[in-house]
1. Of all strands (runs of 3 or more DSSP E) completely enclosed by the range 98-203, which ones contain at least 2 residues that are under 12 Å from the mean Cα position of the chain (by Cα)?
2. Just to be sure I understand the filter: pairs with C-beta atoms under 7 Å, separated by 6 or more residues or on different chains, first member in the range 145-161 and without any contact (Cβ under 8 Å) to a residue 60 or more places away in the chain and within 20 Å of GLY199 (Cα to Cα), second member surrounded by fewer than 17 Cβ atoms within 10 Å (Cβ to Cβ) and not acidic (Asp, Glu). Which pairs pass?
3. Residues being in a helix (DSSP H, G or I), over 23 Å from PHE122 (Cα atoms) and open to solvent by 60 Å² or more (accessible area, probe 1.4 Å): count how many of those fall in the range 211-244.
4. So how many residues does the range 18-77 have that are surrounded by 13 or more Cβ atoms within 10 Å (Cβ to Cβ), without any contact (Cβ under 8 Å) to a residue 60 or more places away in the chain and assigned to a helix (DSSP H, G or I)?
5. Can you name the residue in the range 93-108 that is open to solvent by 40 Å² or more (accessible area, probe 1.4 Å) and in contact with a helix residue (DSSP H, G or I) (Cβ under 9 Å, 6 or more places away or on another chain) and, of all such residues, is nearest to ARG8 (Cα to Cα)?
6. State all residues of the range 166-187 that are within 23 Å of PRO93 (Cα to Cα) and of a type in the set (A, V, I, L, M, F, W, C); if no residue qualifies, say none.
7. If VAL195 satisfies every condition in (1) in contact with a strand residue (DSSP E or B) (Cβ under 6 Å, 6 or more places away or on another chain); (2) at pLDDT below 95 but one, which is the exception?
8. Please go through the range 186-210 and pick out each residue that is surrounded by fewer than 22 Cβ atoms within 10 Å (Cβ to Cβ), closer than 20 Å to GLY123 by Cα and of a type outside the set (Phe, Trp, Tyr).
Amino acid sequence: MSIKGDSRIFGFHAVFARLRHSPATISEVFLDRKRRDARIRKLEERLNESKVKTSRCDVERLNNMLPGIAHQGVVASITVDETVLSLEDIIAPASKPQLFVVLDGVTDPRNLGAIMRSACAFGVTAIIVPKDRSVGITDVVEKVASGAAGIIPLISVTNLARSLRSLKESDFWIVGTDGEAEESIRDFNFPNRTVLVFGAEGSGARRLTKETCDHLVSIPITDIIESLNVAVSVGICLYAVSYTHLRAHE
């Protein structure tokens, strides 16, 4: 199934990334008429090379497109035409390594954007979220993700615990993060087929989600702070997974 529609992204990073990965989805780019610096000239050159329609306009028009957003004088209108995947569509055969990230209760678009960027960097197959406690792809997510939002699938599921059990049946190990867990990620050997589960900062993952996990691990930190931002936690854990797999091949 496909979903079609129009959306907007903003800022240099997001537009440059979209231009690199999927220029055909850019309908038109609007640039601040008064900006003539090297950065915006370079973007304009790339847009012209890719034959993307570009318009110079007053900053007031850009402000009206995205009220209250620091758009840097760059706003792009994009066409969203993406295949909506289900877990069944992307689960590989049991012999193939895969890594999923589950976000239970993460509703901040900046956190999701940062997580998508890290997920793209570390080769995550997809990010899974519950329909009732998550943020979708917004212009802020696109901006923070710097292009990763167009690469990493975001799969929304109705029943998260049931989806985790389904992944278990496909030989995945469900590893949740919990500040109170006795086992540290420093000592944990992540399997080749891993699902990393994260909850919102403060409240954490829901009880049923935690109970569905095979293991709970903690990130060792000093007692100066109580917890880490969820996007930071995801980045640390993804590095720990990659380090485990690097050691396994030494």
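The values are calculated or read from the model by the stated rules, or taken from the named source; none is laboratory data. Just so we're clear, the structure is a prediction, and the values are computed from it rather than from any experiment. When we count neighbours, we look across all protein chains shown, and the Cβ atoms used for this are built from the backbone with ideal geometry, even at glycine. We work out accessible area using only protein heavy atoms, side chains counted, and drop any ligands, DNA or RNA first. Shrake-Rupley method; radii C 1.70, N 1.55, O 1.52, S 1.80 Å.
1. Of the strands (runs of 3 or more DSSP E) lying wholly inside the range 98-203, those with at least 2 residues that are under 12 Å from the mean Cα position of the chain (by Cα) span 98-104, 126-130, 154-157.
2. Pairs that qualify, where the first residue is without any contact (Cβ under 8 Å) to a residue 60 or more places away in the chain and within 20 Å of GLY199 (Cα to Cα) and the partner is surrounded by fewer than 17 Cβ atoms within 10 Å (Cβ to Cβ) and not acidic (Asp, Glu), are SER156/LYS131; THR158/LYS131; ALA161/LEU208.
3. Pass one, the range 211-244, residues in a helix (DSSP H, G or I): 211-212, 230-244.
From the residues that got through so far, the ones that are over 23 Å from PHE122 (Cα atoms) too are 211-212.
Filter once more, keeping what is open to solvent by 60 Å² or more (accessible area, probe 1.4 Å): 211.
Summing the residues that are in a helix (DSSP H, G or I), over 23 Å from PHE122 (Cα atoms) and open to solvent by 60 Å² or more (accessible area, probe 1.4 Å) in the range 211-244 gives 1.
4. Here the count works out to 13.
5. Here is the first cut: in the range 93-108, the ones open to solvent by 40 Å² or more (accessible area, probe 1.4 Å) are 93-97, 107-108.
Narrowing the set further to residues that are in contact with a helix residue (DSSP H, G or I) (Cβ under 9 Å, 6 or more places away or on another chain) leaves 97, 108.
Working: PRO97: 35, ASP108: 18 Å.
Top of the filtered list is ASP108.
6. Answer for the range 166-187, where residues must be within 23 Å of PRO93 (Cα to Cα) and of a type in the set (A, V, I, L, M, F, W, C): LEU167, PHE172, TRP173, ILE174, VAL175.
7. That leaves (2) as the condition not met.
8. ASN189, PRO191, ASN192, ARG193
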